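Everything on this sheet refers to the single structure shown next.
Every number here is computed from the coordinates shown, using simple stated rules; none is lab data. Only a predicted model underlies this, so the values are computations on that prediction, with no experimental measurement involved. We place every Cβ from the backbone using ideal geometry, glycine too, and count neighbours over all the protein chains shown.
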Amino acid sequence: MDPERRKALNIEIHYAIAQFLYWAAACCLQGFTAVFLSSRGMSDGMVGIAVSMTSVAAIFLQLFVSNFCDRHPEIPLKKITVAVSIISFVFVAVLHLTRPSIALIALLFMLADAPQKTNNGLLNAVMVQYVNAGLPVNYGWPRGIGSLGWAGGALIFGRLIAIYSPELLLSLFLGIEVLAIIAMLTMPSVAPVRRSKAGKGTTSYGEMLKSNKALALFLLSLIIMGIGQAPLGTFLNRMIESVGGGTREMGVAILIQSGMELPIMFMSGMLLHYLSPGALLCVSFTAYSLKSVAFMCCRSLAGIYATMFTGLFCYGIYGFAGVLYANDIVQADQKVRAQSLSSLCFTGGVGGVVGNAIGGVLMDRFGLRFIYWFSLVLSLIAVAFMVLSLRALKEK
C-alpha cells in the first residue's frame, strides 16, 4: 500500500469511528425523544412542541455556525465540531442532574439537541476538507458505519430502557459523547483549502442562492422530498399497526432500513466511477418515489419489511451522494455552509418540520392511505427539481 493510500485509510478509519459515535449519541436523544420526554411528564402535544422548537433552533444554529466556519478557515473544523459537542454535553448533563419544570425541560432539551443536530453538517464538512485537499479518501463506507451506530444503538438502547428507565438515555449519551469528542480530536489534521482574500467570507446565504441556480434547485428538491418522506417515518408505527404489528415489529423495520444503508455506502467508490453524485441523487430520489408506491401495496408485515429494503437505494445513496454533490457545486468559501444547508433542508430540518406538521393534519383528516399518495406526489416533484439542478449545473 502506497503512503498516500495508507494515510487516506487512516483518515477513513478515524472518521468511521467518529461517525459511529456521533450517530449512536444522536440516537439517544433523537431516536427516543418521545419516550424520554413523556417519562418526564410531557403530553404528546408538549412533546410535539418541544421537537418543533428543537428543529427550528437547530436550523438557525447551523446557519450561524457554518457561516462562522466559512469566514474563519484558519480554525480547524474538528475543533469547532468539538466545541459544539461540548455545548450539547453540558446541557444534557444539566438535564440529567436536575428535575426542572416541564417548560425548563423543553428548553434544556432544545439547548442540548440543537447543537447535536448541527454537528451533522459539520461532520460531513470535516471529511469534505480531506477530499478538497486532494487526498484519495472514501466518504461512503465511513458514513455507512454511522448508520450502523444508529441502528445498533436503537436496538440496544431500546432494550436497556425497557429493563431500566428512559433516564438511562442521558447517561448513555454523556458516555458516548465523551468518546465522540476524543475521536474527533484525534482525527488527522488537514490544512484548509487556500482561497483568495477577496473571496474570503464575502458571500452571504442570499448571494449564494441567487448566484447558484444549481444549489437553489438542489435545496428546493431536498425540502420537497423531506416534506414528502417525513410523514412516512413519523407514522411508521401506524403503518405497522395497520398490518397487525406493534412496537417490536417497528424496531425490526427500522433495523432493516438502517442496515440496508451500509452495503451501498461501502460500494460508493465503485458507483462514483460510473455515475456522478448528481446522477446518483436522481436514482436515490426515484427510489424514494418507488418506496411510497411499495407502501401503498403492503398488506402484511412481510410487505413492510420488504419495503424497508429500499433503504439500500434511498438514503443509502443519498447519504454520500448528497454530501459530494453539495461540495461540487459551490465555491471554496462556501463548502461548510453548503453542507449545513443541505442537512437542514431534508427530513432532519425544514422538510421534516413542515412535512410532519402537514402530515399530522392529513393523517387525522384523510387517513394513512392519503399519506402514501402525498409522499409519492412530492417525491416525484423533488425528482423533477433534482433534474433541473443538474441541467443548471451543466449550463454554468
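Phi angles of region 338-354 translate, via the Karplus equation with coefficients 6.51, -1.76, 1.60 and θ = phi - 60°, into HN-Hα couplings of 4, 5, 5, 4, 5, 6, 8, 8, 8, 5, x, x, 4, x, x, 4, 5 Hz per residue; Gly and Pro are given as x. By other beta-carbon atoms within 10 Å, ranking Leu37, Leu393 with the fewest at the front produces Leu393, Leu37.
Over the chain, dividing the summed -39,500 (n - 2.57) contributions of all DSSP H runs of at least 4 residues by the number of residues returns a 222 nm mean residue ellipticity of -27000 deg cm²/dmol.
Between Ile75 and Glu4, the modelled labels are 3.2 nm apart [label points 7 Å from Cα along Cα→Cβ]. As a rough footprinting exposure proxy, the listed residues Lys78, Lys7 were ranked by other beta carbons within 10 Å of their own, and the order from fewest upward is Lys7, Lys78. Of the trypsin sites (Lys or Arg not before Pro) found in region 228-310, the ones in coil according to DSSP and having at most 12 other Cβ atoms within 10 Å of their Cβ are Arg299. Label point of Val252 set 7 angstrom out along Cα-Cβ; within region 135-158, amide nitrogens under 17 Å from it belong to 155-156. Looking at [x] 0.98; [y] 0.93; [z] 0.95, which value of Rg/Rh (Cα atoms, Kirkwood Rh) comes from a calculation on the structure shown? Read-out taken from this structure: [z].
The Rg/Rh ratio of region 201-396, with both radii computed over alpha carbons and Rh defined as the Kirkwood radius, is 1.00. Just so you know, the averaged projected area of the alpha carbon convex hull for region 174-315 sits at 12.8 nm². Farthest towards the positive end of the charge dipole of region 1-190, among the residues Ala58, Pro76, Gly41, is the Cα of Pro76, using unit charges on the Cβ of Lys, Arg, Asp and Glu.
Quick check: from the Cα gyration tensor, does region 50-148 come out rounded (a/c under 1.5), prolate or oblate? It is prolate, given that a/c is not under 1.5 and a/b is the larger ratio. Please name which of Gly233, Leu393, Phe370 has its Cα lying farthest along the dipole of the chain towards the positive end, using unit charges on Cβ (Lys, Arg +1; Asp, Glu -1) and the Cα centre as origin. The Cα lying farthest towards the positive end belongs to Leu393.
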